[in-house]
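The next block holds one structure in the form of structure tokens; read it before the comments.
The values are calculated or read from the model by the stated rules, or taken from the named source; none is laboratory data. These figures come from a predicted structure and were not determined experimentally. All Cβ positions, even for glycine, are placed from backbone atoms using ideal geometry, and neighbour counts span all protein chains on display. To get the accessible areas, we keep the full protein, side chains included, count just its heavy atoms, and leave off ligands, DNA and RNA. Shrake-Rupley method; radii C 1.70, N 1.55, O 1.52, S 1.80 Å.
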Amino acid sequence: MTIWVPQLPPQGPRYRALSEAIATAIEGGELTAGERLPPQRRLADALGVTVGTVTRGYAEAERQGWLVARVGSGTYVRGAAAAPAFPTPGAECDTGLIDLSLSLPPPHPLRAEALGRALSGMARQPRLLQAAVEYQAADGLLEQRRVLAGWLATLGMTLPAEELLITQGGQHGISLALATLLRPGERLAADALTYPGLIGAAQQAHLKVDGIAMDAQGMDVEALARLCARQAPRLVYVTPDQNNPTGASLNEARRRRLVELAREYDIWLLEDGVQYLPAAARGTPLYRLAPERTLFVFSTAKVLAGGCGSASCVPPNACASGWRRASGRRAGWCRR
Ligand SMILES: Cc1ncc(COP(=O)(O)O)c(C=O)c1O
């Protein structure tokens, strides 16, 4: 029986060449959805490489979403249409580690269908098309902010459209918040296990991050109080509803204590509200408890789709103008 054997270019790492050949073969229809890939040893012999190289090549293609490995059965083509650009959260990467850096909504075909309908609807409206090719207002068009405010309301978050600022996703909102509120060298505090994008943004902004102990109720605010007594951070970043990666949510008493500490030590609160939770499952948002010092970040990535991420952020009035300066023309609508 003949097997699929790709032509690998002579240069570059073999495993990567193999994973690229798999992606090309799937995109070109040479390998089709559901098709089983050759057993690793046979492909290794045919290509003149080690079995380890084929294992790594398959793992890389799987990580990119092209393949699925079924234990005891083999490796199969997932299908071009279904291939996501990012690995499924929780999926094992070729390093053997589980990637918890992004939390993504479970895949569903309705998302692509809904996007198709929205784009066709847009294509029939010359006014919208014209608006889409123009430069956008740095903090988003009011019409867009109104739509987002409506969404937020259905999720139990009532925020005035006029105060929303549009960014290119939650990550961009976090970076802008840090750039607006803190100076290089200043300290911020976050859960000891926190969203890796926060750490990356803090490093880029030359900030120091203090990790605060946590338990099943999220951040241990008394540990934060002890830190404040020694050296208060300028900002506390927290995802009160469903921390990434632990899933812990802050209970109401801790939210109130956190706000109390923020007021006592004059600390900004960066509230990450991007995780999807139904309104009934959310606690009281910090922006409601302490509107004067809370910057709230929301993203459509978890409620709509990761690729259609756009976010709105509500800065406290005290820093809104600095924010607009920091965001400049970079803030846009649905551009990632
Ligand atoms: C807690 C948290 N905040 C922010 C983000 C970034 O949001 P976006 O994808 O809109 O940039 C993520 C993404 O996974 C996240 O898990």
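Work out how far the C-alpha atoms of the range 14-77 reach from end to end along every principal axis, then list the three figures in whole Å, largest first.
Projected onto the principal axes, the Cα atoms of the range 14-77 cover 26, 25, 19 Å.
From the square roots a ≥ b ≥ c of the eigenvalues of the alpha-carbon gyration tensor of the range 158-202, which class results: rounded (a/c under 1.5), prolate (a/b over b/c), or oblate? Each step should come with its number before you reach the end.
Details: a/c = 2.09, a/b = 1.66, b/c = 1.26.
Prolate shape, in that a/c is at least 1.5 and a/b is the bigger ratio.
With +1 on the Cβ of every Lys and Arg and -1 on the Cβ of every Asp and Glu, and nothing else charged, how large is the dipole of the range 128-335 about its Cα centre, in debye rounded to the nearest 20? Write down the numbers at each step before the final one.
Details: 22 positive and 19 negative charges, 66 e Å.
Using only the charged Cβ atoms, the result is roughly 320 debye.
Residue by residue through the range 275-290, what is 3J(HN,Hα) from phi via Karplus (6.51 cos²θ - 1.76 cosθ + 1.60, θ = phi - 60°)? Round to whole Hz and write x for glycine and proline.
5, 7, 9, x, 3, 5, 8, 8, x, 5, x, 5, 5, 7, 6, 9
Taking only the alpha-carbon atoms of the range 178-249, what semi-axes of the equivalent ellipsoid follow from 5 times the gyration tensor eigenvalues under a square root, in whole Å, largest first? Don't skip to the end; give the middle numbers.
On the way: eigenvalues 78, 47, 14 Å².
Taking √(5λ) for each Cα gyration eigenvalue gives 20, 15, 8 Å.
Averaging over all projection directions, find the projected area of the Cα convex hull of the range 128-335 and quote it in nm² with one decimal place.
On the way: hull surface 42.5 nm².
The Cα convex hull of the range 128-335, projected and averaged over all directions, gives 10.6 nm².
In whole percent, how big is the carbon plus sulfur part of the accessible area of the range 128-335, probe 1.4 Å, protein atoms only?
Working: 4810 of 9010 Å².
Of all accessible area on the range 128-335, carbon and sulfur atoms account for 53 percent.
Can you tell me the alpha carbon radius of gyration of the range 211-292 divided by the globular rule-of-thumb value 2.2 N^0.38 Å?
Values: Rg = 12.0 Å, N = 82, 2.2 N^0.38 = 11.7 Å.
With N residues counted in the range 211-292, Rg over 2.2 N^0.38 Å equals 1.02.
Hey, what's the range 14-77 come to in accessible area per residue, 1.4 Å probe, Å²? Show your work: numbers first, answer last.
Working: 3190 Å² over 64 residues.
Per residue, the range 14-77 has 50 Å² of solvent-accessible surface.
Each residue of the range 214-220 in order: what ³J(HN,Hα) in whole Hz does its phi give by Karplus 6.51 cos²θ - 1.76 cosθ + 1.60, θ = phi - 60°, with x for Gly and Pro?
9, 9, 5, 8, x, 4, 7
Relative contact order for the range 128-335: what is it in percent, counting Cα pairs under 8 Å that are at least 6 residues apart? The partial results should precede the final answer.
Working: 383 pairs, mean separation 57.6, N = 208.
Averaging sequence separation for qualifying contacts and normalising by length gives 28 percent for the range 128-335.
Using the beta-carbon distance between Leu100 and Thr284 and R0 = 22 Å, what value does 1/(1 + (r/R0)^6) give for FRET efficiency, to the nearest 0.05? Can you show the working numbers first?
Values: r = 27 Å, r/R0 = 1.21.
Rounded to the nearest 0.05, the efficiency is 0.25.
Give me the percent relative contact order of the range 14-77, please, defined on Cα pairs under 8 angstrom at least 6 residues apart. Walk me through the numbers before you get to the answer.
On the way: 71 pairs, mean separation 28.2, N = 64.
Over the range 14-77, the number comes to 44 percent.
Quick one: accessible area per residue over the range 174-310, 1.4 Å probe, rounded to a whole number of Å²?
Working: 5440 Å² over 137 residues.
Normalised by residue count, the accessible surface of the range 174-310 is 40 Å².
Can you give the alpha-carbon Rg of the range 87-242 over 2.2 N^0.38 Å, where N counts its residues?
1.31
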